[in-house]
Each structure stands twice: as C-alpha cells, then as structure tokens.
Amino acid sequence: MAHVLLVHGGGHGAWCWVDVQRYLSGAGIDSTAIDLPGSGRDTTSRSSVTLQSYIDSVTTHIDAIDDDVLLVGHSIAGLTLPAATAARSDRICHVMYIAALITGSGERGIDSIPEERRPSYFELAEQSPDNSFLPSFQTAWDRFFPTLEEAQARDTYADLTPQPLGPYLDPNPVNVAHVDTPSSYLLLEDDRTFPIPLARKFAQRAGVEPVIRRGDHCWMLTDPHACANAIAEVARPLSDR
C-alpha cells in the first residue's frame with residue numbers, strides 16, 4: 001500500500017494530522033506528517049522561507065520514503081504539491097488536495113486569496129520581526145475551525161505558528177495542468193477560507209472534478225475520522241495496482 005505523506009497548510013504543522021494518522025494506522029495505512037520550514041517545530045527562520053524551501057522540504061521527505069507515495073496536502077500546501085510532484089513523478093502515485101489553494105503557472109498564491117483579505121497579510125507581516133503573520137484567535141476560529149467548541153478552538157490556536165509570507169509571493173514554477181500524476185480535490189461545503197466557488201476554481205486548475213464533503217476548512221482537526229476515511233478510500237485502490 002502507498003505510504004501517505006501529509007503536508008499541512010498555513011500556520012499549522014505536523015501536529016494537525018495526529019488524529020488522522022491514528023485512524024490511518026488503524027486501517028493498516030502507513031503515514032508521515034511533516035513540518036514545513038518555519039512551521040510547527042521546524043526552527044528555520046521564517047524570514048528566509050520561500051516557496052522553493054517548501055518544495056525542497058517535500059521532495060526531501062519523499063526521498064526518505066521507500067514505498068510509492070500518496071501525497072496529501074491541505075490549504076496552501078496546494079502551492080507546493082504540483083512542483084514537488086513534477087520533481088518526483090516516478091515516486092508519487094496520487095496527489096490529494098484537501099481544501100487547497102492551487103495556482104496556475106507563474107501565478108502567486110497571494111493573488112488567489114480573496115481580495116478583501118490580502119491587505120491584512122501584508123500588514124501583519126510588516127508588523128512582525130520575521131515577515132510572517134498570524135490572524136487573531138477570533139479570525140482563526142471563524143475562518144479555519146468554526147465547528148470546534150471555544151475551549152478546543154483556543155487549544156488549537158495555541159498550537160498555530162506564524163505563517164511565513166514569502167511562499168505566497170513566489171510564482172508557481174510549474175503548470176499544474178501538465179502534471180500528469182493522478183490527482184483528486186476535496187472541496188468542503190462549509191469552508192469559510194476557500195468558499196465553494198473559489199474551491200471549484202482551484203479544482204479546475206488541477207484538471208479534476210472536486211469531491212464534495214461536509215466540513216469546514218481544517219477538516220483534519222474538526223472531523224479527523226472522515227478525513228482519514230477519504231484518504232483511505234484513495235490509498236486502498238492504489239494498493240491493488
């Protein structure tokens with residue numbers, strides 16, 4: 001069976017996949033969750049992090065896995081996965097995007113963020129010491145994981161780390177439409193970060209019809225069992241090839 005490599009989104013880290021990994025393990029599916037540079041427990045200076053830093057990190061982790069890889073990415077991991085897949089197409093058997101931001105060739109991630117939110121990214125990064133940003137608790141709760149009770153939401157927020165702005169500002173080095181590795185896109189009906197019309201646009205860029213599920217943006221945290229089941233649905237058929 002393919003080994004699942006889990007790539008987190010903005011402000012998160014490997015920690016956000018813990019419950020998903022527990023369910024995958026129970027289903028007999030091996031997985032690895034990583035901290036991207038400057039995120040989670042990774043101590044890379046956030047001011048130095050670029051989109052290429054993310055791509056290099058993902059490809060390095062792919063190289064450390066002996067089996068074929070089912071690459072799973074959440075949110076802004078969608079900026080990274082196409083280039084990582086193009087670089088390791090012989091190792092990756094499927095790419096699964098979960099509520100992911102996907103750009104076209106030469107496009108920047110920041111330009112796909114809803115226009116009314118973009119100024120806050122720059123303002124917060126300018127106020128930080130390392131060109132990073134972290135929304136307030138209320139904003140994060142409302143946008144990322146609104147289905148959590150307040151106590152859970154506060155505990156989750158405490159685990160977030162400031163997101164480097166750099167990866168948002170770098171152009172996508174590949175054309176995702178030309179990456180021929182099989183892929184899928186999970187659109188979440190209650191996603192307030194990338195609402196349905198925007199998520200459909202991202203899925204279209206990936207050249208796939210989205211799979212629609214009920215859930216909010218941080219599905220791996222708010223419904224890890226359903227998230228793990230969706231991953232397992234892809235992982236199991238891959239083992240039959």
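The values are calculated or read from the model by the stated rules, or taken from the named source; none is laboratory data. None of the values given here were measured: they were computed from a predicted structure. A quick note on method: Cβ atoms are made from the backbone with ideal geometry, for glycine too, and the neighbour counts reach across all protein chains shown.
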| query | If you scan segment 174-190, which residues turn out to be in contact (Cβ under 8 Å) with a residue 60 or more places away in the chain and either in contact with a strand residue (DSSP E or B) (Cβ under 7 Å, 6 or more places away or on another chain) or buried (at least 22 other Cβ atoms within 10 Å of the Cβ) (or both)? | reply | VAL176, THR181, PRO182, SER183, SER184, TYR185, LEU186, LEU187, LEU188
| Of everything in segment 115-140 that's of a type in the set (D, E, K, R) and over 24 Å from ALA153 (Cβ atoms), which residue is farthest from the chain's Cα centre (by Cα)? | GLU126
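Each row is one residue, and each column tells you yes or no for (1) under 22 Å from ARG213 (Cβ atoms); (2) charged (D, E, K, R); (3) crowded, with 20+ Cβ neighbours inside 10 Å.
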| site | (1), (2), (3) |
| --- | --- |
| LEU6 | yes, no, yes |
| HIS12 | yes, no, yes |
| ALA27 | yes, no, no |
| SER31 | yes, no, yes |
| ARG41 | no, yes, no |
| SER57 | no, no, yes |
| LEU70 | yes, no, yes |
| In segment 17-47, which residues are more than 24 Å from ARG91 (Cβ to Cβ) and either in a helix (DSSP H, G or I) or modelled with pLDDT under 95 (or both)? | VAL18, ASP19, ARG22, TYR23, GLY26, ARG46, SER47
| Any idea which residue in segment 141-170 is surrounded by the fewest Cβ atoms within 10 Å (Cβ to Cβ), counting only those that are within 25 Å of ASP111 (Cβ to Cβ) and of a type in the set (S, T, N, Q)? | THR161
| query | Which condition does GLN138 not pass, out of (1) of a type outside the set (Ser, Thr, Tyr); (2) crowded, with 17+ Cβ neighbours inside 10 Å; (3) free of Cβ contacts under 8 Å to residues at least 40 places away in the same chain, if it passes all the others? | reply | (2)
| query | Of the residues that sit in segment 179-201 and are among the charged types (D, E, K, R) and out of contact with any helix residue (DSSP H, G or I) (no Cβ under 6 Å at 6 or more places or on another chain), which one is modelled with the lowest pLDDT? | reply | ASP180
| remark: When (1) modelled with pLDDT of 95 or more; (2) under 18 Å from ALA99 (Cβ atoms) are applied to LEU169, the one that fails is (2)
| request: Can you give me the ranges of the helices (runs of 4 or more DSSP H) entirely in segment 148-241 with at least 2 residues that are aliphatic (A, V, I, L, M)? | output: 150-159, 196-206, 219-222, 224-239
| request: For residues that are surrounded by fewer than 21 Cβ atoms within 10 Å (Cβ to Cβ) and aromatic (Phe, Trp, Tyr), scanning just segment 88-131, find the one that is farthest from SER183 (Cα to Cα). | output: PHE122
